[in-house]
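The values are calculated or read from the model by the stated rules, or taken from the named source; none is laboratory data. Given the structure is predicted, the values throughout are model-derived calculations rather than measurements. Neighbour counts run over all protein chains shown; Cβ positions are idealised from the backbone, glycine included.
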């Protein structure tokens, strides 16, 4: 097999894997949402993630206020902002964990099928 033929084959396989992964993501999301729109689900998740964001902001501000050295107000507010952003991100990830699991599972299922087909193309089984 020439390198050009091999490269063409690998690019085709890569496209198939990518397409299968995207189809699996879509199918997993549809299965989780059960026909409901995504926007209200994400809005509710963001609303519920505000509590961890507030906790993170408080922790960031309190962490900036501790110690003997005097820190500027800008630095304390920056630490509060960073703590809030981390808290919001973690809260959002926690609220969406079931959707994420379903999407990843769907993608892996579809990719697994493509990989199996590719393996059988390269390693045919002769039962005769």
Determine which single condition residue 1 fails, assuming it passes every other condition in (1) in a helix (DSSP H, G or I); (2) within 30 Å of residue 117 (Cβ to Cβ); (3) over 19 Å from the mean Cα position of the chain (by Cα).
-> (1)
Note down all Cβ pairs under 6 Å where the first residue falls in segment 45-74 and is within 19 Å of residue 87 (Cα to Cα), the second is exposed (fewer than 14 other Cβ atoms within 10 Å of the Cβ) and at pLDDT 90 or above, and they're at least six residues apart or on different chains.
-> none
Residue pairs meeting the criteria (Cβ under 8 Å; at least 6 apart or on separate chains; first over 15 Å from residue 60 (Cα atoms), in segment 76-96; second assigned to a loop (DSSP other than H, G, I, E, B) and at pLDDT 95 or above) | 91/49; 92/49; 94/49; 95/49
Can residue 61 be described as modelled with pLDDT under 95, assigned to a helix (DSSP H, G or I) and either buried (at least 16 other Cβ atoms within 10 Å of the Cβ) or touching a strand residue (DSSP E or B) at 6+ places or on another chain (Cβ under 7 Å) (or both)?
-> yes
Of the conditions (1) crowded, with 16+ Cβ neighbours inside 10 Å; (2) over 19 Å from the mean Cα position of the chain (by Cα), residue 81 clears all except one; give me its number.
-> (1)
Single residue of 116, 74 found to be surrounded by fewer than 14 Cβ atoms within 10 Å (Cβ to Cβ), farther than 27 Å from residue 36 by Cβ and under 29 Å from the mean Cα position of the chain (by Cα) | 116
Out of all the residues in segment 86-99, which are surrounded by 15 or more Cβ atoms within 10 Å (Cβ to Cβ) and in a helix (DSSP H, G or I)?
-> 86, 87, 88, 90, 91, 92, 95, 99
